[in-house]
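What follows is one structure encoded as structure tokens, with my remarks underneath.
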């Protein structure tokens, strides 16, 4: 099922319907993190700009080659996520995303309770483009600092996703944590 996670206005940049990930509600915090290491192994992430997070995998296992849709397995602890988890799976070598950037990314989104995929740019055959300041709080806090060419895991608590009001027809439950695997393609 293709869904548009915008509250009202869809974001469309190349004539295809894209997931805008527009969030409902907000939360801000500050925090730190560790420095990422280059390579394709799972490594700790840099601190996203303006958001508190924890490193680790949030009970999620991700496999698959860079650039291809990953296989993602959700663990039981993902259902109880209360903090944003950010983890670089592949550290990019390109430009670093800032909170005010518009980015182009491939991603897959999975419900942390249902374990079901609710969206994937890979399935649509086209990367999505959207401004980071217009997406859910978990992306606003979890994507800045990511480098082009990288793959990042985001395990987002429900209050940094859609809270009690997920988009109708999305399959996302109220207050459901969300899991995203994001490949940052470019910063136009």
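The values are calculated or read from the model by the stated rules, or taken from the named source; none is laboratory data. The structure presented is a predicted model; accordingly, all values stated were derived computationally and were not measured. Cβ coordinates were reconstructed from backbone atoms using ideal geometry, including for glycine residues, and neighbour counts include every protein chain displayed.
State yes or no: is residue 88 in contact with a strand residue (DSSP E or B) (Cβ under 6 Å, 6 or more places away or on another chain) and over 19 Å from residue 170 (Cβ atoms)? So residue 88 passes the test. Here is a list: 51, 23. Which entry is at pLDDT 50 or above, touching a helix residue (DSSP H, G or I) at 6+ places or on another chain (Cβ under 7 Å), under 27 Å from residue 186 (Cβ atoms) and surrounded by 15 or more Cβ atoms within 10 Å (Cβ to Cβ)? Sole residue among the options that is at pLDDT 50 or above, touching a helix residue (DSSP H, G or I) at 6+ places or on another chain (Cβ under 7 Å), under 27 Å from residue 186 (Cβ atoms) and surrounded by 15 or more Cβ atoms within 10 Å (Cβ to Cβ): 51.
Considering only residues of the stretch 99-124 that are surrounded by fewer than 16 Cβ atoms within 10 Å (Cβ to Cβ) and free of Cβ contacts under 8 Å to residues at least 60 places away in the same chain, which is nearest to residue 81 (Cα to Cα)? Ranking the candidates gives 115 first.
Of everything in the stretch 125-134, what is surrounded by fewer than 18 Cβ atoms within 10 Å (Cβ to Cβ) and part of a strand (DSSP E or B)? Give them in sequence order. The one that is surrounded by fewer than 18 Cβ atoms within 10 Å (Cβ to Cβ) and part of a strand (DSSP E or B): 131. Residue selection: residue 115 satisfies the criterion of being part of a loop (DSSP other than H, G, I, E, B) and within 23 Å of residue 59 (Cα to Cα).
Just so you know, in the stretch 135-165 the residues that are in contact with a strand residue (DSSP E or B) (Cβ under 9 Å, 6 or more places away or on another chain) and assigned to a helix (DSSP H, G or I) include one that is surrounded by the fewest Cβ atoms within 10 Å (Cβ to Cβ), and it is 158. Can you tell me which residue within the stretch 84-98, out of those that are part of a loop (DSSP other than H, G, I, E, B) and in contact with a helix residue (DSSP H, G or I) (Cβ under 9 Å, 6 or more places away or on another chain), is surrounded by the most Cβ atoms within 10 Å (Cβ to Cβ)? Filtering the stretch 84-98 for residues that are part of a loop (DSSP other than H, G, I, E, B) and in contact with a helix residue (DSSP H, G or I) (Cβ under 9 Å, 6 or more places away or on another chain), the one surrounded by the most Cβ atoms within 10 Å (Cβ to Cβ) comes out as 84. The residues of the stretch 57-76 that are under 14 Å from residue 123 (Cβ atoms) and surrounded by fewer than 13 Cβ atoms within 10 Å (Cβ to Cβ), listed by number, are 68, 71.
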